[in-house]
Structures are given as structure tokens and as C-alpha cells.
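First comes the structure, then the notes that go with it.
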Amino acid sequence: MAIETEGVMKKSGFISIAILLFLSGLIFGVQVTTSSAQTTRTVISPENYPYFGFPYSPGILVGDTLYISGHLGRDPMTNELVEGGIEAETRQVMANIQEVLNAADMTLEDVVTVTAFINDINSFPEFNAVYREFFPQDPPARATVQVAALNVGAQVELQMIAVRP
């Protein structure tokens with residue numbers, strides 16, 4: 001008998017919450033909806049984009065959001081890290097990411113957040129100077145983290161998320 005009472009209380013509690021949500025919608029104009037539609041996941045890989053042999057996609061588009069993998073300053077023609085230090089690598093990373101954005105019909109203006117990994121925080125001013133060239137106004141949110149090492153001896157790796165307006 002106690003179990004039945006507990007079940008009735010749970011059901012009536014659920015009904016009370018449902019009624020409260022419905023009334024809140026009427027009073028405050030809040031609309032509660034659910035959707036069973038699945039969002040499509042599309043791999044974004046620019047045409048003629050080099051394959052580095054690692055199990056990742058350059059970008060994944062889900063709805064209007066593009067998740068861009070971490071990119072290094074590799075020359076797409078040679079697959080080698082560009083020479084010239086963190087400034088040259090940052091420029092190449094940005095060029096590589098722009099190719100991914102272009103393949104998704106997006107631009108740097110659509111980028112909302114960036115995660116930057118650099119191997120030496122003392123090179124932050126040089127990195128920042130180049131980064132500012134690509135985001136001169138209203139830059140995206142960003143986190144910069146110093147890491148012990150990056151693949152192939154890179155000095156910088158950037159990961160981004162972009163959203164279509």
C-alpha cells in the first residue's frame with residue numbers, strides 16, 4: 001500500500017510540474033517545446049586539403065555550428081611545419097583554418113570562440129600581434145593555454161568554433 005501511495009505522489013508531482021510549466025507559458029509567454037528531429041553532422045574537409053594521417057576531421061558542421069579541429073602551422077603543399085617561428089606558424093594556422101571555414105561557406109567573422117595552445121607563454125606578444133591581424137575588431141572569445149609540447153614541434157595550435165548568423 002505504501003508503494004502505491006508513493007507512486008501516486010510521484011505521478012501527481014509530475015502532473016503538478018506539467019501544469020505549472022503550462023501556466024507559466026500562459027502567464028510569461030514562455031514556450032516549452034521538444035523536437036525529435038535529428039541534426040545532421042557533416043564532415044568539412046576542404047578540397048585538396050592535405051591528409052596528415054591522423055584520425056580527425058578538419059571540421060564538423062552540426063546545424064549552423066562549425067567545430068574546427070586544432071590546426072598547426074603546416075604548409076598544405078608539403079605537410080611540413082612552416083619556418084619562421086610563432087608568427088609564421090600563426091599565419092599558416094589561420095590560413096589553414098580559413099580554408100575549413102570557406103569549405104563550410106563561413107568566414108572568420110563567424111568565429112565565436114578560439115582556444116589557443118602555445119608552447120611558450122613568453123612568445124604570447126608575438127602570437128597576439130599576428131592574431132590581431134586576423135581579428136582586428138570585435139574578436140571572438142578566447143582562451144590561451146601554455147602547453148609542454150605540441151605535435152611535430154609546433155609552437156602554436158588553434159581550435160575554433162564558428163556559428164552561421
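Summing Lys and Arg as +1 and Asp and Glu as -1 over all other residues whose Cβ lies under 9 Å from the Cβ of residue 81 gives a net charge of -3.
Restricted to Cα atoms, region 49-93 shows a radius of gyration and a Dmax of 12.2, 38 angstrom. Which log10 I(q)/I(0) values, to two decimals, does region 41-163 give at q = 0.16, 0.19 Å⁻¹ under the Debye formula with one point per Cα? Taken in order of the listed q values, log10 I(q)/I(0) reads -0.73, -1.04.
Computed packing ranks the peptides 74-85, 152-163 as 152-163, 74-85, most packed first, by mean other Cβ atoms within 10 Å. A protection proxy built from the mean count of other Cβ atoms within 10 Å ranks the segments 98-110, 126-138, 61-73, most packed first, as 61-73, 98-110, 126-138. In a fully extended conformation the segment linking residue 98 and residue 75 would gain 6.9 nm over its present Cα-Cα distance, using 0.36 nm per residue.
All of the numbers you see were taken from the coordinates with simple rules; none came from a lab. All of these numbers come straight from a predicted model, not from anything done at the bench. Using ideal geometry, Cβ is built from the backbone for each residue, glycine included, and neighbour counts are taken over all protein chains shown.
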